Amino acid sequence: MSPTRSSTATRVGLAGALLLSAALLTACSTLSSDDGCQDTAAEIKGLAAEPLLGSAPTGATEPVNYRGTGVTTGCDDDSSGKPWLHADRLYAFPGKPDAVIAHYTKAAGADGWRPEADPDPAAPPPTVEGACWTKTDKNRHLLLSVDFRTAGFSPAPEVGTGLAYAVTVGAEGDDGTATCWH
């Protein structure tokens with residue numbers, strides 16, 4: 001990840017990795033009364049219902065060791081700003097990253113999402129790390145990311161000869177305006 005990216009972009013990429021394993025153990029986020037995650041369950045449920053979490057290119061499945069997991073959710077409150085609410089899904093795909101990006105580019109565009117390119121001129125192409133889109137829905141600014149960096153998942157996704165990727169739909173709590181890269 002480029003050193004110029006903010007903690008929001010990091011959350012988009014790593015939230016699935018860190019929370020998927022926690023969600024497998026707890027089945028949901030623990031919302032403490034001491035943080036910004038209190039009273040966010042309805043918002044998180046709305047993120048989990050986003051259709052693109054269930055959209056995948058032909059041939060994509062859940063990794064062998066994640067069967068039945070489906071969509072996981074979470075709320076991250078690092079107390080330095082608005083909490084990050086997200087819904088994530090992990091896939092195994094027997095093809096190449098460009099086919100994954102092409103699928104989500106078409107599906108996201110059809111659903112009103114706009115691509116947001118990484119402004120860092122040294123950033124790798126989307127087929128290396130992933131891609132991101134934004135949209136406003138019901139006065140809520142949303143981020144959609146496809147992330148190929150799944151090394152942080154525990155356990156590591158078992159995909160055979162293919163690749164693993166995470167799809168995340170997220171938003172800052174309290175109608176934040178986070179962007180993909182800054």
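Annotations
- The H on the amide N of residue 130, modeled in the peptide plane, is under 5 Å from the matching H of 148, each at least 5 residues off or on a different chain.
- Computed from backbone phi, the HN-Hα couplings of the stretch 45-55 come to 4, x, 5, 5, 8, 4, x, 5, 5, x, 8 Hz, rounded to whole numbers (Karplus: 6.51 cos²θ - 1.76 cosθ + 1.60, θ = phi - 60°; Gly and Pro given as x).
- Pairs from 82/106; 106/138; 45/96 whose Cα-Cα separation, in the structure shown, is over 26 Å: 82/106; 45/96
- Rolling a 1.4 Å probe over the heavy atoms of the protein chains gives the stretch 110-182 an accessible area of 47 Å² per residue.
- Calculated FRET efficiency for the pair residue 67/residue 39, C-beta based, R₀ 30 Å, to 0.05: 0.40
- Note on the stretch 102-144: Rg/Rh from Cα positions, Kirkwood definition for Rh, rounded to two decimals, is 1.01.
- Taking the convex hull of the alpha carbon positions in the stretch 54-115 and averaging its projected area over all directions gives 5.8 nm².
The values are calculated or read from the model by the stated rules, or taken from the named source; none is laboratory data. Nothing here was measured: the structure is a model prediction, and the numbers come from that model. Don't worry about glycine lacking a Cβ; one is built from the backbone with ideal geometry, like all the others, and counts go over all protein chains shown. Side chains included, ligands, DNA and RNA excluded: accessible areas come from the protein's heavy atoms. Shrake-Rupley method; radii C 1.70, N 1.55, O 1.52, S 1.80 Å.
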